[in-house]
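Contents: one structure, followed by commentary.
All of the numbers you see were taken from the coordinates with simple rules; none came from a lab. Predicted, not measured: the structure shown is a model, and the values here were computed from it. Positions of Cβ are backbone-derived with ideal geometry, glycine not excepted, and every protein chain shown enters the neighbour counts.
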Amino acid sequence: MKFRTLVEPPEPMRGLEVPPGVVAALGGGVRPPVTITVNGDSWKSRVAILRGRHLPVPSNANRQAAGVAIGEEAEVEVELEPDAEPRVVVAHADFTRALADDPVARAAYDNLAYSHKREHVRAIESAKKPETRRRRIEKAIVTLRG
């Protein structure tokens with residue numbers, strides 16, 4: 001489903017406003033999982049509801065990849081497609097082993113939303129040194145144990 005909208009400045013409660021009729025036509029409730037395409041760049045997200053407005057908020061990386069300047073109030077064509085594929089986060093082998101060794105942390109991790117799982121995995125995978133990765137895995141396990 002395509003529509004045109006303004007790219008609003010990255011202030012609180014801003015993003016790409018989706019007309020309510022588009023959200024309804026997508027199905028999947030008021031916060032449907034979608035694939036968003038702007039200027040040929042696509043990413044997966046959910047349509048958020050912020051102050052009564054439907055706003056998928058593109059990250060800085062998404063805005064840059066789509067060629068949209070931060071803070072630029074430019075009208076762009078946006079394509080939203082329902083995203084029915086299950087969202088899967090592939091964890092580093094070391095993190096997978098650590099979760100397997102700790103059933104409490106594993107259960108907590110399994111109950112996390114996709115985005116929170118992704119945060120743990122990104123932090124671990126962004127480590128440049130093995131010892132940093134190991135510390136981040138240990139920290140994730142402690143955090144998950146609560």
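Miscellaneous remarks
- Neighbours of residue 138 by Cβ distance under 13 Å: Lys/Arg scored +1, Asp/Glu scored -1, total +3.
- The Cβ shell under 14 Å around residue 80 holds other residues with a net charge of -1, Lys and Arg each +1, Asp and Glu each -1.
- Dipole in debye (nearest 20) - the chain, about Cα centre, beta carbon charges: Lys, Arg +1; Asp, Glu -1: 680 debye
- Relative contact order (percent, whole number), region 93-145, Cα cutoff 8 Å, 6+ residue spacing: 50 percent
- Stretched out straight at 0.36 nm per residue, the stretch from residue 107 to residue 6 would grow longer than its current Cα-Cα span by 32.2 nm.
- Between helix 114-125 and the chain: long-axis angle, C-alpha atoms, 0 to 90°, nearest 10: 60 degrees
- Computed over all pairs of different Cα atoms, the Kirkwood value for the hydrodynamic radius of region 2-82 is 12.4 Å.
- Over all distinct Cα-Cα pairs of region 21-146, the Kirkwood formula returns a hydrodynamic radius of 16.9 Å.
- Base-10 log of normalised Debye intensity for region 93-145 (one unit scatterer per alpha-carbon) at q = 0.14, 0.32 Å⁻¹: -0.30, -1.40
- Which of 121, 23 has the fewest Cβ neighbours within 10 Å, and the rest in rising order: 121, 23
- Angle in degrees between helix 130-145 and the longest Cα principal axis of the chain, rounded to the nearest 10: 80 degrees
- Cα point-scatterer Debye curve for region 73-118, base-10 log of I(q)/I(0) at q = 0.14 Å⁻¹: -0.51
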